[in-house]
There are 4 protein chains.
Amino acid sequence: MIIVLKPNISKKQEVAILKEIRKRGYKPHVMRGVSRIVIGAIGDELTHQSLETLGTVFPQIVESVMPIQKRYKLVSREAHPQSSTVKVREHLLGGKKFHVMAGPCSVESEKQLLQTAEAVKAAGATILRGGAFKPRTSPYEFQGLGEKGLKLLAKARKATGLAIITELLSEAHASMVADYTDIIQIGARNAQNFQLLIAAAKTGKPILLKRGLSMKIEEWLLAGEYVLANENCNLMFCERGIRTFETYTRNTLDLSAVPIIKKESHFPIVVDPSQGAGRADLVRAMCKGAIAMGADALLIEVHPNPAEAWSDGTQQVSLEVFAELMQELRPLILASGRE
Amino acid sequence: MIIVLKPNISKKQEVAILKEIRKRGYKPHVMRGVSRIVIGAIGDELTHQSLETLGTVFPQIVESVMPIQKRYKLVSREAHPQSSTVKVREHLLGGKKFHVMAGPCSVESEKQLLQTAEAVKAAGATILRGGAFKPRTSPYEFQGLGEKGLKLLAKARKATGLAIITELLSEAHASMVADYTDIIQIGARNAQNFQLLIAAAKTGKPILLKRGLSMKIEEWLLAGEYVLANENCNLMFCERGIRTFETYTRNTLDLSAVPIIKKESHFPIVVDPSQGAGRADLVRAMCKGAIAMGADALLIEVHPNPAEAWSDGTQQVSLEVFAELMQELRPLILASGRE
Amino acid sequence: MIIVLKPNISKKQEVAILKEIRKRGYKPHVMRGVSRIVIGAIGDELTHQSLETLGTVFPQIVESVMPIQKRYKLVSREAHPQSSTVKVREHLLGGKKFHVMAGPCSVESEKQLLQTAEAVKAAGATILRGGAFKPRTSPYEFQGLGEKGLKLLAKARKATGLAIITELLSEAHASMVADYTDIIQIGARNAQNFQLLIAAAKTGKPILLKRGLSMKIEEWLLAGEYVLANENCNLMFCERGIRTFETYTRNTLDLSAVPIIKKESHFPIVVDPSQGAGRADLVRAMCKGAIAMGADALLIEVHPNPAEAWSDGTQQVSLEVFAELMQELRPLILASGRE
Amino acid sequence: MIIVLKPNISKKQEVAILKEIRKRGYKPHVMRGVSRIVIGAIGDELTHQSLETLGTVFPQIVESVMPIQKRYKLVSREAHPQSSTVKVREHLLGGKKFHVMAGPCSVESEKQLLQTAEAVKAAGATILRGGAFKPRTSPYEFQGLGEKGLKLLAKARKATGLAIITELLSEAHASMVADYTDIIQIGARNAQNFQLLIAAAKTGKPILLKRGLSMKIEEWLLAGEYVLANENCNLMFCERGIRTFETYTRNTLDLSAVPIIKKESHFPIVVDPSQGAGRADLVRAMCKGAIAMGADALLIEVHPNPAEAWSDGTQQVSLEVFAELMQELRPLILASGRE
C-alpha cells in the first residue's frame, strides 16, 4: 500500500499515522517528497487488514491510499506463465486448434435443434450451443424449455457428436445442468452472482464465464478467481460486449479484451459476436476481428429461421449464412497461425 | 410496432412485408412518407410474436423496427396512478413519513451491531441495516457471518424495536433469510438474477431492489415486474449509483432516478448514498439531494469504528457523524413536506 | 511517482531502473515488499520529465507507474482554501446569495427575448441567458442569430437590468461576444477546446465552463486551469449532465459534482438542469437537488412558448412554470442557508 | 415522425393534437392500436418545424415522439451507394490499397522527425503523422512546436516523399496548416467543435475526423456532414477509442465502428490503435483486428525513443517494433483482400 499524506502535515500527525500503520501489521517506509510525504506500507495486502480506511479515519492527514498488489492470483499469468487449455470431450480449447461454438439462442424444438446441430457440424463447428434456461429482461418473455431443453441438447449431441454448452441460471439446477452439458455457461447478468459461480465450479465441469455488462477486466478476473478458488481449473472467459452510450448496437463488443485477457490470464478467451453486437449484419466483421486479435474460439448464434426465433431473432444468423461465414473465416484462421 | 422501410422499395417488396406482418397476427397500416414508407403494425406486442426480426429476415426492405408499448405493466404508474406504500412492521414506507435505514455494511459482532443499533435508533432511524451474506468482488475477502449474522440482527431488533433489512444472496437461503428479516435486499450485482428475484418474491416479504451497476431505468422496472408477477406487491426501488467513466467516486449516484421512478412507477424509491459515492465525505450532500428530490427513504452505512470495518470502511460514517447528519437533515425533510 | 516492479527482478535489472530514474532527475527510494519491489521517485512531477514511460522502456521490469501529485494547481482548494466569488455587474456569485440564470435556449426575436427577460426578472432571476451562437449536432439545424442575437441581449439588459450570459463558439468571435456579454459560457462540446478557452480567458470576462459530456472531474478542473493560467480568475464551473448508457433522459445530471467541485476547487459551481435532463418535466426535481447539495446558482432554460422554440423545445419550461418553480424553490434556498 | 399518445385519450384531445400536427405542416395519419393511438406525421423532418416538442406542449396527451428519418444525408451510403475514395497526393485512400500513417505523437526536432520518417517509409508507411499543435489536458504540458513543427513536417515530406497529416487546433491556424499539410486531422476533443470543422472544410484539404470520446455514431456522421455541407468531400473517419468505465486502458477502441461506418457511410474509415488503447503493448493486436474488420488505413504513433517522447510516450512504439509490426501485418492485409 502507498499512503499519500496531505501537504503541511505536522510531526505529531505523522507519528499518529505511522503508529496506525504499524498497528495494522505493516512496516511503514517514509519518503519525504517535494510537496508531501508518501508512505510505503510493506506487508501482504491480501492477508493483512486493509489500509484503505486510513483516509476515513484520518481525513485531515491522508490524501489517498493506493493498493500495489494485484487482487487476482490463481487466474493470473503471473502465477502461471504458460497458457492453459481446457478439455471438452475430445476437444482442447485454448490450443492450436480454433473452435467454433454455434447454435440457437434458445432450444425450441427437436426439429429446430437437430437441424441446426447437423448444419453447424457440417460447416465446421465442434460445439453446439443452445439455451434451455433463458434469463429474460421481462417476466413475460419466453423463459426457456428447462430440463426438456437439456434433454434435446443431449439428443443432439448423441446424433451429431458435437459437444454441448448451455447456460446455468440457478444454483438449484447446477447438478442437473451438469448432468447434461459439457460446458456450463455463466451469463453476463450473473457474472458477479458469486453463489452461482461457486455452485457451477463445484460440478467440476468446464465453465465459460461471460463478461458482465459493465464489468472491469479486474472484476472479471476476480469472478474467474471464484471458480479457481472452488477447485475447478477448467475456466474460459467470454467477451460478449459491454454497455456504453452507443445506441446503434445493443452492446459494444470490446475486442481489446482479447489481448488483455491473454496478457493477464492463462485461460482461453472466447468471443460472442452475436450478443456483442445484437445485429446479425455485424457478426461477420466481428468474427474476423476476434480471430485476428487472438481469440481461441467463437460463440455464434445460429437459427434455421431467425425470423421465427422465440428469442433474440435479430442477432441470429441463418444456417446458410453460417456456412458461408465459416468458409470466409477459414483463411483468416490459418493466417493467424491456427487450425 | 412501427416498421420503417428503406427508400425506393418496389411494390413487390411492399407486398411481401405486409404479408409477413399479417402472418404474425398484426394489422398493417401503411403510411407513405416523403422519402420512405412507414408501416404501423397494430396488435398487442406483449402477446404476439415480435416483429423485431423483420430487419433480419428482410434486410433489403426493412430499415428499422420500433416498439411502441412499454414493456412493464404491474409496476407502472400508468396501471396504478396512486402511489403505493409498503408496510414494514409498524412502519409505512412511501407515505408521508420519511424513513432512514442505517447500520453497518457487515454484521461483525454482537457488540458492534447492538452499539450501532442503539445509536442509530437514538438518532432517529427506524430500520436497521446489516449484511450477513456479503457479495464480494474477490473470493479472498470477508464473505459475511451468514446465519450467525441473521441471529444477531434479530437480537438487535428485539433489543431496540428497529425493523431489519438484510441482503439475500442465494436462492437456497431465501426462506432462512425471510425467517429473520423484515425487508429482503436484492443487491446491485443480483438485480437481474431473476431466479433470486423470484425466490425472494415468493417469501412474501417486502423487497428492496437495488439498481444494477449499468441498469437502464426500463430494465430496473422490469426486474421489479418479476417481483410483482410472482405475487409480491411489497416492492421498493433503491438507487445506489451507476457505473460511469468517472474515477473520483466509486460509482455515480444518479439522483435523477428519484423523480423518474416516481413518474414511471407507483412504488417507493430509496437512496443509498454510501454505496452511491463510496466516500463517507460525500454522504452528507447526497442525503440532502435525495430528500430534496423526493426520495421516500435513505439507506446509510454506519459503523462504530469505520477504520476497523471488515468491509467497505471508506464509505461508512461513524455514530457521531450519523447523529449530526440526522440533525442536519431534519429541517430539509420538513421543508420537503415530509415528517 | 511510485514505480511498481514485476516480481522476481534481478539485481541487474534493479540497478538499471534506478539509474534511469536518477537520469530523469528524481531521487529513487527503494521499498522491498513481500512480493515485489516498489520505488518512490522523489521530485516535482510537474516540472521533471515524466516517468510514465518507464513501463514502455522496461516492459520486463516495470509493472506500473502511479503519479502522486494532483495535476491542477491554481484551481485547487489546496492552493486557495477560501471560497472565491465571481463578480458579475452588481452581483456576487459563489457568495451567500443564491442566483438563478434563466432565459431561452436560443435568442429568436426581440419580442421573445424581452418577454422572457421581464418574466424571469419578475420571478427573481438575476441573470438572463440566451444563445446567439448555437452549437448544433447537425449543420441543417438553426445555428443562432449571431451578432444580431447579441444586440438583442444587450437591449434586454438595458430594459431589465439583468446581467447577461451567452455562449462563445469561435475564437474569432471572442472580443465581439465579450463586448456584449457579462459572462462568457463555454459549452460542453468545447470544454476541451483549449484555444477557445484561452481566447475567452484573455477577454477578462467571467467564464462559465460547462462540463464536457464525458469529462472526468480532473479534466474539468484542468480545463479551468487553462482559464487561470491565462490570467483570468473569474471562473465558474457548470454541471450539465454526463453521457451514460441511460436513454430515458438525454444526459445524466451528475449532482455529486456539486460537493466534489466544492471540495476540490474554490470556485463557484452552477447547475444546468435543463441540459442535464433534456426533459422539462424533470427540471423541478433537479433544481431542488442542486440547491440542497450546495450549488451556487442555477441555469434554467425558459421560453414563452416552448412548443415553438427554434431549438431544444423539449427541455425549456414556460414563463408560468418558471414563476411557479421559483416560488417553490424559495423555502429550500432558505433552508440551505442561502438568500 | 411517429407520435405515440397516452392511453385513454378523449376525442377532444385527439382533435387538438391532430390540429397542431397539421399546423406544423405535417399530414397526420391515425392508427388506433390495442392500447393507444399512434399518429404518423408525414412530411420532411429536415425542413419542417420539429414535432419533438409535442410532448412538452401536450404532456397529458403525448407519450413520446419518435423521428423516422436519418438526420445525415450527404455522408450516408443511402445517398451514395458506391464507396468514395480520398486522394492524398499520389495515394488513394479507401481503395484497394491499404495505407499506414505513422509517425511521432509530437514533432520534437528535425532529427527525431527525419529519422522516424525514413524508418516508417522503409517499413511501408505512405503517410507521415506528427503533431505540431498539441491539445493537452493540462496547460502545463508541452503544447507543440507550432509552425516550426509544420516546417519540419514539410522538410520530412521533401526528404522522403511521404504525404503528411497533422492536427488543426485553432480556426485561426486553418490556412497556415493547410499550406503545409496534405491531410488535416480534427482531434477527438474537437470532434464537435463545429467552427473548426467549417474552417478546416473550407481549406479544401482532405479531413480526417476523429471520433469524440463519447460520440455516438450518428453524431460522428453529422459532424462529417458539416464538412460536406461546407463543400469539401474529402472526408475520412477515424476511430480512436471511446470512453467507458474500464481503467485498464486509457480508452476502449471500438472496432465495431469499422463495419458500421462502412455500412452507414461511403467514406473511408481509419483506425488509430495508439490513442485507442493508450498502451504500446496492445497496438499489435488492435492493428490486426482493424485490418480484419475492414479498415482502410491505420494511424500509428512511432517514436525513435518512446521513453523520451515529449508526449504520450506510453502509447508510441519504437522504430524497430514498427518495422516488425508491418511485416506481421502484411499477410493479414493480403488475406483481407487488400494490397
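Just give me the residues in segment A:96-120 being touching a Lys or Arg at 6+ places or on another chain (Cβ under 9 Å) and either among the charged types (D, E, K, R) or free of Cβ contacts under 8 Å to residues at least 24 places away in the same chain (or both), in sequence order.
Within segment A:96-120, A:LYS96, A:LYS97, A:GLU110 qualify.
Scan segment B:174-194 residue by residue and report those that are out of contact with any Gly (no Cβ under 8 Å at 6 or more places or on another chain) and either buried (at least 22 other Cβ atoms within 10 Å of the Cβ) or polar (S, T, N, Q) (or both). Quick ask: steps written out before the conclusion?
Of the residues in segment B:174-194, the ones out of contact with any Gly (no Cβ under 8 Å at 6 or more places or on another chain) are B:174-177, B:179-187, B:190, B:193-194.
B:SER175, B:VAL177, B:THR181, B:ILE183, B:ILE184, B:GLN185, B:ILE186, B:GLY187, B:ASN190, B:ASN193, B:PHE194, listed by residue number.
Looking only at residues in segment C:121-131 that are in contact (Cβ under 8 Å) with a residue 40 or more places away in the chain and small (Gly, Ala, Ser), which one is surrounded by the fewest Cβ atoms within 10 Å (Cβ to Cβ)? Walk me through it before giving the result.
In the first step, residues of segment C:121-131 are kept if they are in contact (Cβ under 8 Å) with a residue 40 or more places away in the chain; the result is C:121-125, C:127, C:129, C:131.
Now narrow it down to the ones that are small (Gly, Ala, Ser): C:122-125, C:131.
Numbers: C:ALA122: 13, C:ALA123: 18, C:GLY124: 18, C:ALA125: 25, C:GLY131: 28.
Per the stated criteria, the residue is C:ALA122.
Return the residue satisfying two criteria in turn: it lies in segment B:243-258 and is open to solvent by 20 Å² or more (accessible area, probe 1.4 Å) and in contact (Cβ under 8 Å) with a residue 12 or more places away in the chain, and of such residues it is nearest to B:LEU213 (Cα to Cα).
Among them, the one singled out is B:ARG243.
With the structure loaded, tell me whether C:GLU63 is in a loop (DSSP other than H, G, I, E, B) and either away from chain D (no Cβ under 11 Å) or in contact with a Gly (Cβ under 9 Å, 6 or more places away or on another chain) (or both) or whether it fails that test. First the steps, then the outcome.
Numbers: in a loop (DSSP other than H, G, I, E, B): no; either away from chain D (no Cβ under 11 Å) or in contact with a Gly (Cβ under 9 Å, 6 or more places away or on another chain) (or both): yes.
Answer is no for this residue.
Would you check which residues across segment B:211-240 are within 21 Å of B:LEU298 (Cβ to Cβ) and open to solvent by less than 10 Å² (accessible area, probe 1.4 Å) and list them? Before you say what the answer is, go through the steps one by one.
Residues of segment B:211-240 within 21 Å of B:LEU298 (Cβ to Cβ): B:211-213, B:215, B:217, B:220, B:224, B:234-240.
Of everything in segment B:211-240, those that are within 21 Å of B:LEU298 (Cβ to Cβ) and open to solvent by less than 10 Å² (accessible area, probe 1.4 Å) turn out to be B:ARG211, B:GLY212, B:MET215, B:ILE217, B:TRP220, B:GLY224, B:LEU235, B:MET236, B:PHE237, B:CYS238, B:GLU239.
Tally up the residues in segment B:17-33 that are surrounded by fewer than 15 Cβ atoms within 10 Å (Cβ to Cβ) and aliphatic (A, V, I, L, M), please.
Residues in segment B:17-33 being surrounded by fewer than 15 Cβ atoms within 10 Å (Cβ to Cβ) and aliphatic (A, V, I, L, M): 0 in total.
Identify, please: which residue in segment B:195-210 is in contact with an Asp or Glu (Cβ under 6 Å, 6 or more places away or on another chain) and under 14 Å from B:GLN185 (Cβ atoms) and is, among those, surrounded by the fewest Cβ atoms within 10 Å (Cβ to Cβ)?
Pass one, segment B:195-210, residues in contact with an Asp or Glu (Cβ under 6 Å, 6 or more places away or on another chain): B:195-196, B:199.
This time we only want the ones that are under 14 Å from B:GLN185 (Cβ atoms), so: B:196, B:199.
Details: B:LEU196: 28, B:ALA199: 24.
The qualifying residue surrounded by the fewest Cβ atoms within 10 Å (Cβ to Cβ) is B:ALA199.
Out of the residues in segment A:140-167 that are open to solvent by 30 Å² or more (accessible area, probe 1.4 Å) and within 14 Å of chain B (Cβ to nearest Cβ), which is nearest to A:GLY94 (Cα to Cα)?
Applying the first criterion (open to solvent by 30 Å² or more (accessible area, probe 1.4 Å)) to segment A:140-167 yields A:140-143, A:145, A:147-148, A:151, A:155, A:157-159, A:161.
Next, from what is left, pick out any that are within 14 Å of chain B (Cβ to nearest Cβ): A:140-143.
On the way: A:TYR140: 38, A:GLU141: 35, A:PHE142: 34, A:GLN143: 32 Å.
Checked segment A:140-167; the qualifying residue nearest to A:GLY94 (Cα to Cα) is A:GLN143.
Inspect all residues belonging to segment B:34-48 and state whether any of them is open to solvent by less than 30 Å² (accessible area, probe 1.4 Å) and in contact with a His (Cβ under 6 Å, 6 or more places away or on another chain).
yes
Can you pull out every residue in segment D:270-294 that is without any contact (Cβ under 8 Å) to a residue 40 or more places away in the chain and not in a helix (DSSP H, G or I)?
Answer for segment D:270-294, where residues must be without any contact (Cβ under 8 Å) to a residue 40 or more places away in the chain and not in a helix (DSSP H, G or I): D:VAL271, D:GLY278, D:ARG279, D:MET293.
Quickly run through segment D:189-222 and pick out the residues that are under 10 Å from the mean Cα position of the chain (by Cα) and more than 9 Å from every other protein chain (Cβ to nearest Cβ).
D:ILE207, D:LEU208, D:LEU209, D:LYS210, D:ARG211, D:TRP220, D:LEU221
Would you check which residues across segment C:80-117 are of a type in the set (A, V, I, L, M, F, W, C) and either open to solvent by less than 70 Å² (accessible area, probe 1.4 Å) or on the phi > 0 side of the Ramachandran plot (or both) and list them?
The initial filter retains those residues of segment C:80-117 that are of a type in the set (A, V, I, L, M, F, W, C), namely C:86, C:88, C:92-93, C:98, C:100-102, C:105, C:107, C:113-114, C:117.
Correct list: C:VAL86, C:VAL88, C:LEU93, C:PHE98, C:VAL100, C:MET101, C:ALA102, C:CYS105, C:VAL107, C:LEU113, C:LEU114, C:ALA117.
Can you tell me which residue within segment B:284-339, out of those that are open to solvent by less than 40 Å² (accessible area, probe 1.4 Å) and β-branched (Val, Ile, Thr), is nearest to A:PRO67 (Cα to Cα)?
Of everything passing the filter in segment B:284-339, B:THR314 is nearest to A:PRO67 (Cα to Cα).
Can you name every residue in segment A:296-305 that is within 13 Å of another protein chain (Cβ to nearest Cβ) and either charged (D, E, K, R) or more than 20 Å from A:ILE127 (Cβ to Cβ) (or both)?
Correct list: A:GLU301, A:ASN305.
Suppose we filter segment A:244-278 for residues that are under 18 Å from A:GLY95 (Cβ atoms) and either more than 9 Å from every other protein chain (Cβ to nearest Cβ) or in contact with a His (Cβ under 9 Å, 6 or more places away or on another chain) (or both); how many remain?
Counting residues in segment A:244-278 that are under 18 Å from A:GLY95 (Cβ atoms) and either more than 9 Å from every other protein chain (Cβ to nearest Cβ) or in contact with a His (Cβ under 9 Å, 6 or more places away or on another chain) (or both) gives 8.
Say whether the condition of being within 7 Å of another protein chain (Cβ to nearest Cβ), free of Cβ contacts under 8 Å to residues at least 40 places away in the same chain and of a type in the set (D, E, K, R) is met by at least one residue in segment D:223-242.
Initially, segment D:223-242 is screened for residues within 7 Å of another protein chain (Cβ to nearest Cβ), giving D:225-226, D:229, D:242.
Filter once more, keeping what is free of Cβ contacts under 8 Å to residues at least 40 places away in the same chain: D:226, D:242.
Then drop every residue that is not of a type in the set (D, E, K, R), which leaves none.
No: segment D:223-242 contains no residue that is within 7 Å of another protein chain (Cβ to nearest Cβ), free of Cβ contacts under 8 Å to residues at least 40 places away in the same chain and of a type in the set (D, E, K, R).
Being closer than 30 Å to A:LEU228 by Cα and open to solvent by 70 Å² or more (accessible area, probe 1.4 Å) narrows it down to one of A:ARG71, A:ARG77, so name that one. Break it down stepwise before answering.
On the way: A:ARG77 fails: open to solvent by 70 Å² or more (accessible area, probe 1.4 Å).
Only one candidate passes the filter, namely A:ARG71.
Are there strands (runs of 3 or more DSSP E) fully within segment A:145-249 with at least 1 residues that are within 27 Å of A:ARG71 (Cα to Cα)? List them. Outline the logic, then answer.
Details: elements: A:163-167, A:183-186, A:207-210, A:235-239.
Passing ranges, in order: A:183-186, A:207-210, A:235-239.
Taking the residues in segment A:279-295 that are over 19 Å from D:GLY337 (Cα atoms) and under 17 Å from the mean Cα position of the chain (by Cα) as candidates, determine which candidate is farthest from the other protein chains (Cβ to nearest Cβ).
My answer is A:ALA295.
Would you say C:ASP296 is modelled with pLDDT of 95 or more and not small (Gly, Ala, Ser)? If you could, list the steps in order and put the result at the bottom.
Numbers: modelled with pLDDT of 95 or more: yes; not small (Gly, Ala, Ser): yes.
Yes; evaluated as a whole, the condition is true for this residue.
Can you tell me which residues in segment B:2-15 are surrounded by fewer than 14 Cβ atoms within 10 Å (Cβ to Cβ) and under 21 Å from A:ALA307 (Cβ atoms)?
Correct list: B:SER10, B:LYS12, B:VAL15.
So D:ALA125 ticks every box in (1) out of contact with any Cys (no Cβ under 9 Å at 6 or more places or on another chain); (2) assigned to a loop (DSSP other than H, G, I, E, B); (3) under 30 Å from C:TYR72 (Cβ atoms) but one. Which box is left unticked?
Every condition holds for D:ALA125 apart from (3).
Within segment B:1-46, which strands (runs of 3 or more DSSP E) (wholly inside it) include 2 or more residues that are facing chain D (nearest Cβ under 10 Å), among the charged types (D, E, K, R) and more than 15 Å from D:MET66 (Cα to Cα)? Spell out how you get there, then give the answer.
Values: elements: B:2-5, B:27-32, B:37-42.
Passing ranges, in order: B:27-32.
Quick check: is even one residue across segment B:234-248 aromatic (Phe, Trp, Tyr) and over 17 Å from B:VAL86 (Cα atoms)? Even if it seems obvious, please write down each step before you answer.
Here is the first cut: in segment B:234-248, the ones aromatic (Phe, Trp, Tyr) are B:237, B:245, B:248.
This time we only want the ones that are over 17 Å from B:VAL86 (Cα atoms), so: B:245, B:248.
Yes.
Select from segment B:171-188 the residues that are under 18 Å from the mean Cα position of the chain (by Cα) and within 14 Å of chain A (Cβ to nearest Cβ) and write down the one among them that is nearest to B:ILE217 (Cα to Cα).
Pass one, segment B:171-188, residues under 18 Å from the mean Cα position of the chain (by Cα): B:182-188.
Then drop every residue that is not within 14 Å of chain A (Cβ to nearest Cβ), which leaves B:186-188.
Details: B:ILE186: 16, B:GLY187: 16, B:ALA188: 13 Å.
Residue satisfying both the conditions and the ranking: B:ALA188.
Looking at (1) at pLDDT 85 or above; (2) part of a loop (DSSP other than H, G, I, E, B); (3) away from chain D (no Cβ under 11 Å), find the lone condition where C:LYS73 falls short.
Of (1) at pLDDT 85 or above; (2) part of a loop (DSSP other than H, G, I, E, B); (3) away from chain D (no Cβ under 11 Å), only one is false for C:LYS73: (3).
The values are calculated or read from the model by the stated rules, or taken from the named source; none is laboratory data. This one's a predicted model, so the numbers in the text were calculated from it and none came from an experiment. Positions of Cβ are generated from backbone atoms using ideal geometry, with glycine treated the same way; all protein chains shown enter the neighbour counts. Side chains are part of the model used for accessible areas, which takes the heavy atoms of the whole protein and leaves out ligands, DNA and RNA. Shrake-Rupley method; radii C 1.70, N 1.55, O 1.52, S 1.80 Å.
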